[in-house]
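Contents: one structure, followed by commentary.
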């Protein structure tokens, strides 16, 4: 005689599936196995889980990797989901098979120690812990199972690292800016000059489109209005062009039908690449040689975001008021609007033109553009 059939288990292809009414609720799901004994064990466990949840309100035990998969699936629309996925990839070897209710500082300690052994910055470690905290909060407050129970009863309090190793911004002086522009390839030099004269973020520069340009005939100029979905703070971003930024923009016209900045006819994903690293090191060595000094570490390791800090520092040094600086830097502000009058733009234009030139009174943008056309 053959083995007695188990009610509620059906073999479809090579995989056993559950189709059974359990405590008044029909359960239809795969066991993800072709082994009958394993499928029967899985069914028995599911029956017990449902009984515990229905009769006693006991939550099924779920692994962190299940919660991570759900989080990624629900947040595929987020611009930062790639960063979250990368952080979760680093976390899963340490806590992927840990049940949600067992996650706390102690179970996360091996991950933290491994990050420290790799000499990762504490902010980087906190970014990973923050993803865990976000998932656990969703599991405790939003995600519910078929019995109406949240995935987790209470989210644990996770301790973040004290960030005492953060790198300080390195604002450029005018001589350093000149050498950097000379050392960078033409396309990066143009982007760097635009960035240091507008305070834009890296992706705002890389994704800048001609369709976002708006003429302001009253002032014989133009501005760019970047839509909120591109901007980090989710607010429309006004870009006012001082004399340097405008000369950079004019030099880009006609090179590409949609994008302002490209390389060999193709849009760029970012500015921080091998050419940037090579250029900043070459510029730092040149400065050190000219001044008879050692290479300045901050300049030799200049970040793309330091150009934004440079613009902000120069605005402050030029006496530009705080509220005006916020607008020019694209900082979140409840008073900011995408509707600007000509006098308002004129005020912003006057402020940003204060940081066009260095002490030498030489315009670095005109220097690089002249070199390009030679």
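The values are calculated or read from the model by the stated rules, or taken from the named source; none is laboratory data. Because the structure is a prediction, the values reported are computed rather than measured. Counting neighbours? That spans all protein chains shown, and the Cβs are built from the backbone with ideal geometry, glycine included.
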Can you confirm whether the stretch 188-195 contains a residue that is at positive phi, in contact with a helix residue (DSSP H, G or I) (Cβ under 6 Å, 6 or more places away or on another chain) and not assigned by TED's automatic domain parsing to the domain that holds residue 113? no
Single condition residue 155 does not satisfy, out of (1) modelled with pLDDT of 95 or more; (2) more than 26 Å from residue 47 (Cα to Cα): (1)
Name the single residue, out of those in the stretch 233-252 being out of contact with any helix residue (DSSP H, G or I) (no Cβ under 8 Å at 6 or more places or on another chain) and in contact (Cβ under 8 Å) with a residue 12 or more places away in the chain, that is farthest from residue 305 (Cα to Cα). 246
Boolean, residue 229 is surrounded by fewer than 16 Cβ atoms within 10 Å (Cβ to Cβ) and closer than 30 Å to residue 78 by Cα: yes
If you check residue 260 against the conditions, is it touching a residue at least 12 places away in the same chain (Cβ under 8 Å) and more than 27 Å from the chain's Cα centre (by Cα)? no
Qualifying position, being in contact (Cβ under 8 Å) with a residue 24 or more places away in the chain and either on the phi > 0 side of the Ramachandran plot or surrounded by 13 or more Cβ atoms within 10 Å (Cβ to Cβ) (or both), among 120, 103: 103
I'm told residue 144 meets every condition in (1) closer than 22 Å to residue 80 by Cα; (2) modelled with pLDDT under 95 except one. Can you identify the failing condition by its number? (1)
Considering only the stretch 68-76, I want to know if a residue exists there that is surrounded by 15 or more Cβ atoms within 10 Å (Cβ to Cβ), in contact (Cβ under 8 Å) with a residue 24 or more places away in the chain and out of contact with any helix residue (DSSP H, G or I) (no Cβ under 7 Å at 6 or more places or on another chain). yes
Residue that is modelled with the highest pLDDT [pool: residues in the stretch 14-30 that are exposed (fewer than 11 other Cβ atoms within 10 Å of the Cβ) and outside any strand (DSSP E or B)]: 14
For residue 298, all conditions in the list (1) assigned to a loop (DSSP other than H, G, I, E, B); (2) in contact (Cβ under 8 Å) with a residue 12 or more places away in the chain; (3) over 25 Å from residue 241 (Cα atoms) hold save one; what is the number of the exception? (1)
State all residues of the stretch 185-224 that are assigned to a helix (DSSP H, G or I) and under 16 Å from residue 273 (Cβ atoms); if no residue qualifies, say none. 186, 187, 188, 189, 190, 191, 192, 195, 202, 203, 205, 206
Tell me, yes or no, whether the stretch 43-52 has at least one residue that is crowded, with 16+ Cβ neighbours inside 10 Å, farther than 28 Å from residue 155 by Cα, outside the structural domain of residue 230 (by TED's automatic domain parsing) and out of contact with any helix residue (DSSP H, G or I) (no Cβ under 9 Å at 6 or more places or on another chain). yes
Output the residues belonging to the stretch 122-147 that are assigned to a loop (DSSP other than H, G, I, E, B) and in contact with a helix residue (DSSP H, G or I) (Cβ under 9 Å, 6 or more places away or on another chain). 143, 145, 146, 147
